[in-house]
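The structure appears below as structure tokens.
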Amino acid sequence: MLREKLFLAALSMSLSLPVAAGFQYRVPLGMEFATTQSAGVDAEAPAGLHSISCGYYFCYGLKDGVIWSVGNNAASQLGRGGNTREWQTTNQPASSVSAGSYHGYAIHNGTIWSIGSNRYGQLGHSEVCSGSSTCISSVWTDTGQPADTISAGVNHGYALYNGTVWSVGYSAMGQLGRGGDSTVWGDTGQQASGVSAGSHFGYALHNGTVWSVGWNPYGELGRAGTVTQYSWGDTGQPADSVHAGAHHGYALHNGTVWSVGDNRSGQLGRGGDGLSWGNTGFAPDSLAAGGFHGYAIKDGTIWSVGNNTHGQLSRSGSTSSWQDTGQAGSRVVGGSHFGYAWNGETLMSVGHNNYGELGINRVVSYISQYEEVFIAD
């Protein structure tokens with residue numbers, strides 16, 4: 001189903017971190033936050049894992065310049081066999097990673113490597129897949145495309161190279177910003193200092209304002225109305241960083257969160273129709289977008305807002321306003337219906353776990369409180 005594919009990514013590269021998306025909106029009640037030690041049956045993942053990027057129920061991370069992975073492996077996007085409920089090495093060297101829906105990107109020696117589903121040419125390998133859902137790559141492959149940063153969407157991707165946005169993959173909703181589908185990376189001509197991929201749209205930062213392109217059913221482009229846009233355009237929203245979810249976006253401007261787009265789960269953290277950027281009044285230290293939810297760090301604790309179907313907010317109470325989870329944290333990353341956070345050297349995860357994406361080696365569908373995964377740096 002189309003909604004099943006509307007994930008994003010990642011959290012994703014949010015101009016600093018990647019993101020992802022999710023599904024429906026029934027909120028579990030009565031959840032209480034608690035931090036617990038992982039049970040003895042859980043495998044201990046390696047210390048030193050960092051730069052985590054989560055997509056559609058799977059994640060990548062880096063340790064000592066090598067990619068590790070966990071979770072959904074339906075399109076071989078983990079780049080390895082073995083237990084998908086445990087963080088394990090892929091042996092693929094990289095300096096950065098970005099998780100999409102069923103594919104991923106990495107930068108190694110200055111060029112983009114890719115893996116997973118290639119149904120729409122999103123891997124940038126030039127293969128023609130003829131629409132086959134089985135067109136996948138199970139090993140990391142060098143595309144030859146130079147890049148400084150990368151961000152994966154559902155079936156497309158962006159890269160920054162020499163100050164301009166490059167794109168590849170599916171473009172039926174205009175998300176490539178340069179014509180139709182493409183199996184090779186191409187220059188969009190859009191200048192930018194950062195880029196963040198949503199489900200079938202994208203944001204870029206240029207001259208201090210947010211630019212956008214692609215599908216716009218909930219006004220997520222922030223350009224008034226819901227008309228799909230096939231070329232990059234200036235939203236006029238000033239921002240220091242921008243973060244794309246499935247169908248919504250956050251921008252930090254003068255220390256305050258502004259939001260736009262889909263608000264069916266309260267993920268905007270404010271009222272209004274979401275067709276234009278609006279000030280939430282919430283002033284965090286850092287920010288991350290999940291699929292239909294959001295995380296932030298404020299005064300040393302994790303705050304959350306939006307969809308809580310799988311306990312990903314790690315709290316009860318209203319989901320339409322930013323609220324403190326009570327969990328101490330210094331960094332946070334959003335996935336489709338889950339999240340990771342650091343509390344000092346301790347890495348924790350919360351939310352959906354049907355595919356083992358939380359890195360906790362137990363068959364549980366979700367965890368509604370942050371649980372320790374392992375000690376990290």
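Annotation for the range 118-125: at least one member residue is open to solvent by less than 10 Å² (accessible area, probe 1.4 Å) and on the phi > 0 side of the Ramachandran plot. Restricted to strands (runs of 3 or more DSSP E) entirely inside the range 262-321, those with at least 3 residues that are within 19 Å of Ala239 (Cβ to Cβ) and not small (Gly, Ala, Ser) are 293-298.
For every residue, the table says whether it meets (1) buried (at least 21 other Cβ atoms within 10 Å of the Cβ); (2) under 19 Å from Gly261 (Cα atoms); (3) aromatic (Phe, Trp, Tyr); (4) touching a Gly at 6+ places or on another chain (Cβ under 8 Å).
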| residue | (1), (2), (3), (4) |
| --- | --- |
| Gly290 | yes, yes, no, yes |
| Lys298 | no, no, no, no |
| Thr301 | no, no, no, yes |
| Gly311 | yes, no, no, yes |
| Gln327 | yes, no, no, no |
| Val333 | yes, no, no, yes |
| Ser336 | yes, yes, no, yes |
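Selection of the range 349-368 for residues being under 20 Å from Ala74 (Cβ atoms), of a type in the set (Gly, Ala, Ser) and surrounded by fewer than 24 Cβ atoms within 10 Å (Cβ to Cβ) yields Gly356, Ser365. From the list Trp113, Trp166, Trp185, Trp140, the lone residue that is open to solvent by 20 Å² or more (accessible area, probe 1.4 Å), of a type outside the set (D, E, K, R), in a strand (DSSP E or B) and farther than 24 Å from Leu78 by Cβ is Trp166. Checked against the criteria, Val213 does not count as farther than 25 Å from Ser101 by Cβ, within 21 Å of the chain's Cα centre (by Cα), open to solvent by less than 30 Å² (accessible area, probe 1.4 Å) and hydrophobic (A, V, I, L, M, F, W, C).
The values are calculated or read from the model by the stated rules, or taken from the named source; none is laboratory data. Owing to the predicted nature of the structure, the values given are computational and were not obtained by experimental measurement. No Cβ is skipped: glycine too gets one built from the backbone with ideal geometry, and neighbour counts run over all protein chains shown. Remember, those area values only see protein heavy atoms, side chains included, never the ligands or the DNA or RNA. Shrake-Rupley method; radii C 1.70, N 1.55, O 1.52, S 1.80 Å.
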